[in-house]
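Read-outs: derived from the displayed coordinates by stated rules, not from any lab. Because the structure is a prediction, the values reported are computed rather than measured. Reconstructed Cβ throughout: ideal geometry from the backbone, glycine too, with neighbour counts over all protein chains shown.
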Amino acid sequence: MRKVIIKTKLSSREKFEEKLSDIDLDFSAIYWQHDRIYIPRDYKKNANYPRLVMRTEMKSVDKPAKYTLILKRHIEDSGVDIVEETSVKDYENTVNIILQLGFKLDTEISRRRQDLQMGEGTVIYLDKIETLPGYYAKIESEIGPDDSVIEAKLDLEKTFKTLGESNFITSPYAEL
């Protein structure tokens, strides 16, 4: 699946949520995610290398955690992220496979997250990263093979600007 992703550091979480609420859009309940990000041993930044993410997600304390293996590849020259996800039943065995494939643990990110569906294929996330001050918002939008990446990014930026946010971030959370 091809995605265009735009992130911003929020100037005010309350004002951001208020503007969405004014147009009858509200975020989901808060849930917890923890990502362990694995990179190839010969990883070079900006070289379109894939990353593997083992995600643990807890949406409710009375339900078991959900585990997902995510393959992410950011194509630098196009600005597109290729993302494939698969559910994992055995976390430990999956991590052993990742390590045997030549990946190494690069970093871990824990966050409290809320999401908001903005139509088919587009989601806004509201994130509180444990190691970073403030709140962040991220819009992910799926694009088709014939869709313009530039137009999709401009549309997402316009959405944030309409909501009063323009402090765009291009780095992953792990690099902030």
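Structure above, values below:
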read-out: Neighbour net charge for residue 163 - beta-carbon separation under 9 angstrom, K R +1, D E -1; value: +2
read-out: In the stretch 67-145, the trypsin sites (Lys or Arg not before Pro) that fall in loop regions by DSSP, at most 11 other Cβ within 10 Å; value: 89
read-out: Full-extension gain in nm, residue 59 to residue 157, via 0.36 nm per residue minus C-alpha separation; value: 32.4 nm
read-out: Inverse of mean 1/r across different Cα pairs in the stretch 41-128, Kirkwood, Å; value: 15.2 Å
read-out: Qualifying chymotrypsin sites (Phe, Trp or Tyr not before Pro) for the stretch 1-34 [loop in DSSP, other Cβ within 10 Å: at most 12]; value: none
read-out: Gaussian network model of the chain, springs between alpha carbon atoms under 10 Å - residue of 53, 61, 123 with greatest fluctuation; value: 61
read-out: Cα point-scatterer Debye curve for the chain, base-10 log of I(q)/I(0) at q = 0.10, 0.11, 0.14 Å⁻¹; value: -0.41, -0.50, -0.83
read-out: Amide H contacts of residue 167 (H built 1.01 Å from N, under 5 Å, at least 5 apart or other chain); value: 9
read-out: Lys, Arg +1 and Asp, Glu -1 on Cβ, resulting dipole of the stretch 1-139 about Cα centre, debye, nearest 20; value: 440 debye
read-out: GNM top mover of 57, 92, 140 - the chain, alpha-carbon springs below 10 Å; value: 92
